[in-house]
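The values are calculated or read from the model by the stated rules, or taken from the named source; none is laboratory data. Small disclaimer: the values here were computed from a predicted structure and weren't measured. FYI the Cβ positions are ideal-geometry reconstructions off the backbone, even for glycines, and counts take in every protein chain you see. Protein only, heavy atoms only, side chains kept; ligands, DNA and RNA dropped before computing areas. Shrake-Rupley method; radii C 1.70, N 1.55, O 1.52, S 1.80 Å.
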Amino acid sequence: MAKDVIIACDFSSAEDTFRFLDRFTEEKPFLKIGMELFYAEGPSIVREIKRRGHKIFLDLKLHDIPNTVKKAMSVLRNLDVDMTNVHAAGTIDMMRAALEGLTRPDGTRPLLIAVTQLTSTSEERMQRELLINAPINDTIVRYAENTREAGLDGVVCSPLEAGMVKAACGSGFMTVTPGVRFADGDKGDQVRITTPARAAEIGTDYIVVGRPITEAPDPVAAYRRCMSEFLGR
Ligand code: C5P
């Protein structure tokens, strides 16, 4: 399976995004476009970044009734992104509908992954507010199993959960993990973090890295360091 570093392009405008991307004269990093940039700039930002030759993970985390998600995915499939996602909490039926909507008439489709539990959700709040009376790790594994049953390619999870997901769903089931920091870097608001090298040891497939690269004095050097620590080359 392809392993790669995905840069989280958490910018609020096309201008800031392209100012950042213009620094990369040799590499074409895999990029994550989230809600902020997509809602600010619309589909044109995706087309323009594709035109520049980058792979894109469109992180919109769809969660609605199956028919609505299916129709939304059939619009997104025309954007030609490489990966997109839904919330596993939308149920197996919703994930199956997402997959159907995302599949083009010729049978091709972007990778589709699901968010298990957001890392901002604590076990205590999940139990008290959502009335889910189970250990949070059990819900993560169950959501991952549901995702696999629906036929999706993998899940977004914390790097510290990737091993448990692989154990339950098989090594071919993809894990995409944010919460990555350099050993000597600033944690920011991330709590459950790991280094690129440790994420590689745990066996995650893609790491999503934002501020350690986007806010580095030299983002290209930070990206190269991340690639070399994660891919071991
Ligand atoms: O800047 P940082 O490296 O923390 O960025 C990580 C990216 O991954 C952000 O875009 C953040 O929204 C996203 N993310 C996360 N934790 C999750 C899901 C997504 O940090 N559980």
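For Ala168, the test of being over 18 Å from the mean Cα position of the chain (by Cα), closer than 21 Å to Arg142 by Cα, modelled with pLDDT of 95 or more and part of a helix (DSSP H, G or I) is passed.
For every residue, the table says whether it meets (1) in contact with a helix residue (DSSP H, G or I) (Cβ under 7 Å, 6 or more places away or on another chain); (2) polar (S, T, N, Q).
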position: Asp4; (1), (2): no, no
position: Ala14; (1), (2): yes, no
position: Thr17; (1), (2): yes, yes
position: Arg23; (1), (2): yes, no
position: Tyr39; (1), (2): no, no
position: Ser44; (1), (2): no, yes
position: Gly53; (1), (2): no, no
position: Asp59; (1), (2): no, no
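Taking Asp106 as the residue in question, decide whether it is more than 16 Å from the ligand (Cβ to nearest atom), acidic (Asp, Glu), over 16 Å from the mean Cα position of the chain (by Cα) and not in a loop (DSSP other than H, G, I, E, B). No, not satisfied.
Return yes when Ala114 is part of a helix (DSSP H, G or I), in contact with a strand residue (DSSP E or B) (Cβ under 9 Å, 6 or more places away or on another chain), touching a residue at least 12 places away in the same chain (Cβ under 8 Å) and among the small types (Gly, Ala, Ser) and no when it is not. It is false that Ala114 is part of a helix (DSSP H, G or I), in contact with a strand residue (DSSP E or B) (Cβ under 9 Å, 6 or more places away or on another chain), touching a residue at least 12 places away in the same chain (Cβ under 8 Å) and among the small types (Gly, Ala, Ser). With the structure loaded, tell me whether Glu41 is touching a residue at least 24 places away in the same chain (Cβ under 8 Å) and surrounded by 16 or more Cβ atoms within 10 Å (Cβ to Cβ) or whether it fails that test. Yes: the conditions hold for Glu41. Every residue in region 48-63 that is of a type in the set (D, E, K, R) and open to solvent by 80 Å² or more (accessible area, probe 1.4 Å), please. Of everything in region 48-63, those that are of a type in the set (D, E, K, R) and open to solvent by 80 Å² or more (accessible area, probe 1.4 Å) turn out to be Arg51, Lys55.
When region 104-155 is filtered for residues that are open to solvent by less than 30 Å² (accessible area, probe 1.4 Å) and in contact with a Pro (Cβ under 8 Å, 6 or more places away or on another chain), nothing remains. Can you find a residue in region 4-27 that is under 17 Å from the mean Cα position of the chain (by Cα), at pLDDT 95 or above, open to solvent by 50 Å² or more (accessible area, probe 1.4 Å) and farther than 14 Å from Leu152 by Cβ? Yes, region 4-27 contains a residue that is under 17 Å from the mean Cα position of the chain (by Cα), at pLDDT 95 or above, open to solvent by 50 Å² or more (accessible area, probe 1.4 Å) and farther than 14 Å from Leu152 by Cβ. Which count do you get for residues in region 200-224 that are within 12 Å of the ligand (Cβ to nearest atom) and either in contact with a strand residue (DSSP E or B) (Cβ under 6 Å, 6 or more places away or on another chain) or within 25 Å of Ser122 (Cα to Cα) (or both)? Qualifying residue count, region 200-224: 8. Residues in region 174-184 that are more than 15 Å from the chain's Cα centre (by Cα) and either part of a helix (DSSP H, G or I) or surrounded by 12 or more Cβ atoms within 10 Å (Cβ to Cβ) (or both): Arg181, Phe182.
Per-residue answers, yes or no, for (1) within 13 Å of the ligand (Cβ to nearest atom); (2) among the β-branched types (Val, Ile, Thr); (3) part of a helix (DSSP H, G or I):
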{"position": "Met126", "(1), (2), (3)": "no, no, yes"}
{"position": "Leu131", "(1), (2), (3)": "no, no, no"}
{"position": "Gly151", "(1), (2), (3)": "no, no, no"}
{"position": "Glu161", "(1), (2), (3)": "yes, no, yes"}
{"position": "Gly172", "(1), (2), (3)": "no, no, no"}
{"position": "Asp186", "(1), (2), (3)": "yes, no, no"}
{"position": "Gln190", "(1), (2), (3)": "yes, no, no"}
{"position": "Cys226", "(1), (2), (3)": "yes, no, yes"}
